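Please treat every number below as a calculation from the coordinates, not as lab data. Note that the coordinates shown come from a computational prediction; the quantities given were computed from them, not determined experimentally. Please note: Cβ atoms are built from the backbone with ideal geometry, for glycine as well, and neighbour counts cover all protein chains shown.
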């Protein structure tokens, strides 16, 4: 059984108040994956946002058909799958998420989150503001990685 304190352990959610977390609690699922499994692959339809309860997930990009590059490692308390909430013509994941160690995740369907956010605009704003900050940080990390490659 998930409680509010469990959700507060997720960095992205730690700033939300209890009434906001209560709304999330109602739509939260738990999923487990084994080492080597893919949670999603680059280009897949982006329908679910995830947060790591326990384990490690590698975000990868395909350099070519035989080479994958590890871009980032997502650990306990962090989120992945932000593409599910970014409204574009085609919502698709921009990286692949491969399980590095047995992993347990929270999962939220994007359409459920969007329904909550449309009814609680403050919650939606706070949530998306944090997502923007995290996406910016990940882009900065990726830029540094590319600069190192092309030195």
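Taking the number of other C-beta atoms within 10 Å as the exposure measure, put 4, 13, 70 in order starting with the fewest.
Details: 4 16, 13 22, 70 13.
So the residues, fewest neighbours to most, are 70, 4, 13.
Per 10 Å bin, what is the whole-percent P(r) computed from every C-alpha pair distance within region 1-150?
11, 41, 36, 11, 2
Please report 52, 135, 57 as a ranked list, fewest other C-beta atoms within 10 angstrom at the top and most at the bottom.
The most exposed by this proxy come first: 135, 52, 57.
When only Cα pairs under 8 Å and 6 or more residues apart are kept, what is the percent relative contact order across the chain?
29
Taking 0.36 nm per residue of sequence separation and subtracting the Cα-Cα distance, how much length would be gained by fully extending the chain between residue 5 and residue 69, in nm to one decimal?
Taking residue 5 through residue 69 to full extension adds about 19.6 nm, to one decimal.
What's the FRET efficiency of residue 137 with residue 17 using the Cβ-Cβ distance as r and R₀ = 22 Å, to the nearest 0.05?
Efficiency, from the Cβ-Cβ distance: 0.35.
Using just the helices of the chain, give the 222 nm mean residue ellipticity in deg cm²/dmol: DSSP H runs with n ≥ 4 each add -39,500 (n - 2.57), and the total is spread over all residues, rounded to 500.
Per the formula, -11000 deg cm²/dmol.
How would you rank 60, 89, going from fewest to most other Cβ atoms within 10 Å of each one's own Cβ?
Final ranking by Cβ density, sparse to dense: 89, 60.
Given N residues in region 19-94, what is Rg(Cα) / (2.2 N^0.38 Å)? Could you put the intermediate results ahead of the total?
On the way: Rg = 13.8 Å, N = 76, 2.2 N^0.38 = 11.4 Å.
Expressed relative to 2.2 N^0.38 Å, the Cα Rg reads 1.21.
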